[in-house]
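Notes follow once the structure below has been shown.
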Amino acid sequence: MHSENNNVNVLHITMKKSALQKARASYQPKLPIALAGAVKVVEGHATQSVADQEAIKALFPNTYGLPEIRFEKNPTATPGKPVNVGVILSGGQAPGGHNVICGLFDGIKKIHKESRLFGFLMGPQGLVEHRYIELTAPIIDEYRNTGGFDIIGSGRTKLEKKDQFDKGLEILRELNISALVIIGGDDSNTNAAILAEYYKSIGAGIQVIGCPKTIDGDLKNDVIETSFGFDTATKVYSEVIGNIQRDCNSAKKYWHFIKLMGRSASHIALECALQCQPNVCLISEEIEAKNMSLDDIVAYIADIVASRAADGNNFGTVLIPEGLIEFIPEFKRLISELNELLGANKDKVAGMDNAQLTEFIMTNLSADNVAALKKLPESVARQLMLDRDPHGNVQVSLIETEKLLSGLVAARLEATPSFAACGGKFSSLHHFFGYEGRCADPSNFDADYCYSLGFNASALINAGVTGYMSSIRNLVKPAVQWIPGGIPITMMMNIERRNAEDKPVIQKALVRLDGAPFQKFASQRDDWAHNTCYIYPGPIQYFGPAEVCDQPSMTLKYEHRH
């Protein structure tokens, strides 16, 4: 047994708290009424994957085609049995993760007071390396309604290999754990589905349940209406953007280029635009759909800068999703070829220094993609070619797209005599908001939603299912009207090309250009561009009227407005 008693355990001394933290500790998250007492399982129709049905079915023969389920109040309560549960926080932090664990703890204790919860430390690697702590009531109570993942830590280890599954099974059996809850994003929940399938195939008797986490907002569908953390993070970013806009409108002399989290989708940028009404907000999915080049994007921003300058307004704000460069068609093609080239030659390039690797890439790339690479500043080209994460992906968060765009806009305006002639001036400032929002104290919406997700996960465990994701629906209504249940994770999956291999993964939800949130934005952005229409959302409010404190994101409101 390797129960942790050193570095992570020091977190579980009694922590000093601010007045706000003390007040938040007493906040009781609201639960759907269906989870308030005994529940019964109502099965829906059998499901299928969102795409590549035959391929996904072949890979998941034991967990494919399961029905959606929902929970309803059960007038007849049946006594539960003690259950030992493991929990893992996986991937990047998102506000509300602690409340998922708190809801899970309260839920299994409601099933039976002798139930126990074990947290695996620093992500999936804690399961493989048998590093864990038992999460008891005093520990849980320290973390209610708090931000961060520090209760057990998180990590980005991927659970993909049989030896990892088998090593994890050893400690699960040693601790008599019969259910494992994995709290993570699309990759983590893909791993949860693979793990559930493997344990089911060998008759291990271990349930695996997922919870939808990512501030990026790209883990959702008709029954997973939003991922947790998105609401809080976008409210944090919108507060700071609003502050910048107020400063911008006061000083009247700077253009602020603001990069926001969102590697694979632009949900964060779109939500912040709806909340703040900036002069420019780029939506990666639109840029790809319109086949816009880097020059097109620069011309679009420069024209708005010039138009505002003609009215005497030499200031403004530009919102940029961090994954933008991967959506610009000329660079998407470049990145795709780079991924294939490096993925297919892993062994060959492993021992190369940077100069050798650069020469290898430039020699083997197609002429069009060499030309695209040469358009970029040397620093950005280097990041695309050389600076990859452990999984071989471009580290888009390190690419300073905000500086790239402002520099190109400045050059274009300098080459436009009419800009200076009308009194135009262009001074830019740069920001990247990412980590600022990942560990904030959850909004009331996220505090309620996350607690419900965890409590609901305990109901899924009690129902005996595996390979399911905790689902809470009807989120634009008051929390008591939310609809709890679960969906098979395989329902969300398709086959994608990853590092020169075809792999089953949860399909990312991109911004839909025909969706209500984007349509609302598109209908107003010309007015925002040329006029100063800024909104200053202010800080998250935890105490006060529900219309101030408990509102969901604008994205959710527009998507589910009936």
Acute angle (nearest 10 degrees) that the helix 444-462 long axis makes with the longest principal axis of the chain, alpha-carbon atoms: 40
For Ser471, distant residues with modelled amide H under 5 Å away: Gly485, Gly486, Ile487
Sequence-distant aspartates and glutamates (8 or more away, or on other chains) whose Cα lies within less than 15 Å of Lys162: Glu129, Glu170, Glu197
Sulfur and carbon atoms: percent of accessible area, the stretch 362-449 [1.4 Å]: 52
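Quote the charge dipole size of the chain about the Cα centre in Debye, to the nearest 20; the model charges only the Cβ of Lys and Arg (+1) and of Asp and Glu (-1).
About 1220 debye.
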For the chain, diffusion coefficient by Stokes-Einstein and Kirkwood Rh (Cα), 25 °C, 0.890 mPa s, µm²/s: 99
Using a Förster distance of 35 Å, the FRET efficiency for Glu436-Ser26 (Cβ separation, nearest 0.05): 0.85
Within the stretch 83-189, chymotrypsin sites (Phe, Trp or Tyr not before Pro) in DSSP loop having at most 14 other beta-carbon neighbours inside 10 Å: none
Accessible area of the chain divided out per residue, in Å², using a probe of 1.4 angstrom: 41
Accessible surface of the stretch 289-349 [probe 1.4 Å, protein heavy atoms]: carbon and sulfur percent: 46
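Per the helix-only calculation at 222 nm, which mean residue ellipticity applies to the chain, given -39500 (n - 2.57) for every DSSP H run of n ≥ 4 and division by its residues, nearest 500 deg cm²/dmol?
Details: 23 runs with 240 residues, N = 562.
That calculation yields -12500 deg cm²/dmol at 222 nm.
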Selection from Thr226, Phe433, Pro545 lying farthest towards where the dipole of the chain points positive, charges on Cβ: Pro545
The stretch 156-213, relative contact order in percent, only Cα pairs under 8 angstrom and at least six apart counted: 41
Whole-number percent relative contact order across the chain, with pairs defined as alpha carbons under 8 Å at least 6 apart: 24
Loop trypsin sites (Lys or Arg not before Pro), the stretch 117-199, which have at most 14 other Cβ atoms in a 10 Å radius of their Cβ (DSSP): Lys161
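Want the number for Val480 to Lys375: 0.36 nm per residue separation, take away the alpha-carbon distance, what's left?
Length difference between fully extended and current span is 32.4 nm.
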Approximate spin-label separation Val349-His530, in nm, with each point projected 7 Å along Cα-to-Cβ: 4.6
Cα centre as origin, Lys/Arg/Asp/Glu Cβ charges: the stretch 150-246 dipole, Debye: 120
Ranked packing of 277-286, 238-247, most packed first, by mean Cβ within 10 Å: 277-286, 238-247
Portion, in percent, of the accessible area of the stretch 29-172 that falls on carbon or sulfur, probe 1.4 Å: 52
Amide H partners (placed H, <5 Å) of Gln207, local residues excluded: Ala179, Leu180
Label-to-label distance, nm, for residues given as Asn364 and Ala46 (7 Å Cα→Cβ offset): 4.5
Two-decimal ratio, the stretch 450-525, of alpha-carbon radius of gyration to 2.2 N^0.38 Å: 1.48
Using alpha-carbon coordinates, inclination of helix 186-201 to the longest axis of the chain, degrees: 30
Using a Förster distance of 41 Å, the FRET efficiency for Leu398-Glu72 (Cβ separation, nearest 0.05): 0.30
Separation of the Arg512 and Lys425 label points, Cα + 7 Å toward Cβ, nm: 4.6
Cα convex hull of the stretch 323-447, projected area averaged across orientations, nm²: 12.0
Hits among lysines - C-alpha to C-alpha of Lys290 under 27 Å, sequence gap 8 or more where chains match: Lys220, Lys259, Lys332, Lys374, Lys375, Lys403, Lys508, Lys520, Lys557
Relative contact order %, the stretch 351-447, counting alpha carbon pairs below 8 Å whose residues are six or more apart: 16
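The values are calculated or read from the model by the stated rules, or taken from the named source; none is laboratory data. As the structure is a prediction and not an experimental result, all values here were calculated from the model. Because the Cβ atoms are built from the backbone with ideal geometry, glycine has one as well, and the counts that use them run over all protein chains shown. Calculation scope for accessible area: heavy atoms of the full protein, side chains included, ligands and nucleic acids excluded. Shrake-Rupley method; radii C 1.70, N 1.55, O 1.52, S 1.80 Å.
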